[in-house]
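Notes for the one structure printed next.
The values are calculated or read from the model by the stated rules, or taken from the named source; none is laboratory data. Note that the structure is a prediction, hence the values are computed from the model and not measured. When we count neighbours, we look across all protein chains shown, and the Cβ atoms used for this are built from the backbone with ideal geometry, even at glycine. Side chains are part of the model used for accessible areas, which takes the heavy atoms of the whole protein and leaves out ligands, DNA and RNA. Shrake-Rupley method; radii C 1.70, N 1.55, O 1.52, S 1.80 Å.
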Amino acid sequence: KNKRKEMKILVASDDERKINEIKNILKEYEIISLKESGIELNAEEIGQTFEQNSKIRAMGLAKYTKEIVLAYSEGLWIDCLDGFPGIKTYRILGKDATDEERNAYLLRQLEGKDIYQRIAEVVTAVTVIRDGEIYTATGEIEGYIAEEPKGRNGIGFEPIFDARGGKTLAEMGTFEKNRISSLKKAIKKLQRYKVL
């Protein structure tokens, strides 16, 4: 009998798409969102890196449970802006700004820049805490910032991130997107190290 199927992973997120993606990658586990766990997580992301922020969230959640916990921190790293917006990707215009406003703001920063100056990465750090041990891995997708938002199948910065195939993440279907996902790359590293 597959013992792992009985194992639960509590994920420090309520983002439905990410939860579904994690379920697809870690099929042998029961994946539980924050809402399903009934835990209210107040872990302020005050780290200086994606790794630190994913660790802060994971440790915040681990206080409430003995189950395996998983947390991630993700953002956009634009080379010519010295990595901006980085860990502040979802906070650059304050917490009430919309995705559209943030994306328009980033596009203005890159006005007049050619494709080589628009090189960027999506970075996702994943931290897993299991039996009191903390493990962190990072995954990246390389691409560049498109000149305008394209596609309807995206959230956050996905309409402006071109994953080098001439398509933004928001123009890709879920299957295609999940195949190149930085979240998946980070989780796969943890699987290779037998953490999961």
Can you find a residue that is outside any helix (DSSP H, G or I) and open to solvent by 40 Å² or more (accessible area, probe 1.4 Å) anywhere in the stretch 118-126?
yes
Of all residues in the stretch 107-125, which are touching a Phe, Trp or Tyr at 6+ places or on another chain (Cβ under 7 Å) and closer than 15 Å to Gly143 by Cβ?
Ile115, Arg118, Ile119, Ala120, Glu121, Val122, Val123, Thr124
Specify which of the listed residues (Lys55, Lys27) is touching a strand residue (DSSP E or B) at 6+ places or on another chain (Cβ under 9 Å) and within 21 Å of Lys188 (Cα to Cα).
Lys55
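Conditions tested, residue by residue: (1) touching a helix residue (DSSP H, G or I) at 6+ places or on another chain (Cβ under 7 Å); (2) over 24 Å from Gly151 (Cβ atoms).
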{"position": "Leu41", "(1), (2)": "yes, yes"}
{"position": "Lys66", "(1), (2)": "no, yes"}
{"position": "Arg91", "(1), (2)": "no, no"}
{"position": "Lys95", "(1), (2)": "no, yes"}
{"position": "Thr98", "(1), (2)": "no, no"}
{"position": "Glu101", "(1), (2)": "no, no"}
{"position": "Asp114", "(1), (2)": "no, no"}
{"position": "Val128", "(1), (2)": "yes, yes"}
Does Gly47 satisfy being part of a strand (DSSP E or B) and in contact with a Lys or Arg (Cβ under 8 Å, 6 or more places away or on another chain)?
no
Filter the stretch 53-66 for residues that are surrounded by 17 or more Cβ atoms within 10 Å (Cβ to Cβ) and not small (Gly, Ala, Ser); which is farthest from Thr138 (Cα to Cα)?
Leu61
Of Gly154, Gly165, Gly139, which residue is outside any loop (DSSP other than H, G, I, E, B) and on the phi < 0 side of the Ramachandran plot?
Gly139
If I ask for residues that are within 26 Å of Gly173 (Cβ to Cβ), surrounded by fewer than 17 Cβ atoms within 10 Å (Cβ to Cβ) and among the acidic types (Asp, Glu), which ones from the stretch 3-29 would you list?
Asp14, Asp15, Glu16, Glu28
Taking the stretch 86-114 and keeping only residues that are assigned to a helix (DSSP H, G or I) and open to solvent by less than 80 Å² (accessible area, probe 1.4 Å), one is left with Asp99, Arg102, Asn103, Ala104, Tyr105, Leu106, Leu107, Gln109
For the stretch 131-177, give me each residue that is under 20 Å from Lys113 (Cβ atoms), open to solvent by 80 Å² or more (accessible area, probe 1.4 Å) and at pLDDT below 95.
Arg164
